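The values are calculated or read from the model by the stated rules, or taken from the named source; none is laboratory data. Worth saying up front: this structure is predicted, and the values here are computed from it rather than measured. Virtual Cβ from ideal backbone geometry, glycine too; neighbours counted across all protein chains shown.
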Amino acid sequence: MERRLINPTRAPRRPTDPHPTDPAPNVKAAAEHGLYAPAYEHDACGVSFVVDLHGRRSHRLVQQALTSLCNLEHRGATGAEENSGDGAGILVGVPDRFLRSVVGTELPPAGHYAAGIGFLPRDDGDARAVTDAIEDLVLDEGLCTIAWRDVPVDPSMLGSWALDAMPRFVMLIVADPEDRPGGRRSGIDLDRAAYPLRKRIEHELGQDVGGETVEGVGVDGGETAYFASLSSRTIVYKGMLTTPQLGAFFADLTDERFESSLALVHSRFSTNTFPSWPLATRTATSPTTVRSTRCRATRTGCGPGRRCCRPT
């Protein structure tokens, strides 16, 4: 499949260029200043972070994040079809006011429930089998299913490559039982309970349900259940989309009631995998680089004189 970069920002290189990782000749190298360090310059996907420093939720912030995502179009990629992207996504705070307006059941207090968007098979029977299996896992993890919600999407702008592999999108909301000793958990404590559930869904239901392979959500038809996130604090909307398509594809993101105090957006350039819906973008947590992983593991990955990994 033909691969190409949208609006490349670096000049073409001659085969004899002895320094292929250096900036293009017309780009002046900047010295370390403030939060900027030249050691962190690299070609990769595009990432942008928008936050209200006072923690105020607003729909305007979500719109600003989607605008910044569109400005990262040059960091993403498409295939032979210009309307089948490698992936785009957004991580925002759980929009409690919005969910209370659209979910047809009473929700626990904000922070006392975890929500996430799942990719399930498009076939009604297969999807029902998967949701039944997920609810069994929810109970097995000591949680209870509060609600399921079909996530509205508009696939009219998708290319055939993305459309053929598109899954069904559902939102799952879980919480502790009301009669749990000590009361319902919230925040990070609930997230620690939801994480094993999400990973069990991915590993135990990601290939088959009831011993039979089910038409999946990946490009290769191999996955049957996948959740981009499942948290009481944040939620991820993502897909095999171009950057301008994300806001138009997920109707939730353009609803005035959909508010957040922070947003992390990601435009994907697939370098070592074929594009797929589950791999569209990794925004369940903030992106991790080799440098940051080495820094945390060995405390030697930071540049000279930088304090990010020194012991306190």
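Worth pointing out:
- Sub-8 Å Cβ pairs linking a first residue in region 143-154 that is among the aromatic types (Phe, Trp, Tyr) to a second residue that is in a strand (DSSP E or B), at least 6 apart or interchain, are Trp148/Val170; Trp148/Met171; Trp148/Leu172; Trp148/Ile173, ordered by first then second residue.
- The residue of region 242-275 that is farthest from Gly89 (Cα to Cα), among those that are at pLDDT below 85 and out of contact with any Ser or Thr (no Cβ under 6 Å at 6 or more places or on another chain), is Asn272.
- Residue within region 29-40 that is in the same structural domain as Leu230 (by TED's automatic domain parsing), crowded, with 17+ Cβ neighbours inside 10 Å and at pLDDT 70 or above present: no
- Note on region 192-231: among residues that are over 19 Å from Gly89 (Cβ atoms) and among the acidic types (Asp, Glu), the one that is modelled with the highest pLDDT is Glu204.
- Residue match in region 169-177 (condition: surrounded by fewer than 20 Cβ atoms within 10 Å (Cβ to Cβ), within 27 Å of Ala110 (Cα to Cα), over 17 Å from the mean Cα position of the chain (by Cα) and at pLDDT 95 or above): yes
- Which listed residue is charged (D, E, K, R), more than 15 Å from Leu246 (Cα to Cα), modelled with pLDDT of 75 or more and surrounded by fewer than 16 Cβ atoms within 10 Å (Cβ to Cβ), from Asp17, Asp43, Asp123: Asp123
- Some residue of region 103-115 being in contact (Cβ under 8 Å) with a residue 40 or more places away in the chain and more than 22 Å from Ser186 (Cβ to Cβ): yes
- When Val153, Val170 are checked against the criterion of being under 17 Å from Ile235 (Cβ atoms) and either of a type in the set (S, T, N, Q) or touching a helix residue (DSSP H, G or I) at 6+ places or on another chain (Cβ under 7 Å) (or both), a single residue qualifies: Val153.
- Residue within region 84-103 that is under 17 Å from the mean Cα position of the chain (by Cα), modelled with pLDDT under 70 and buried (at least 18 other Cβ atoms within 10 Å of the Cβ) present: yes
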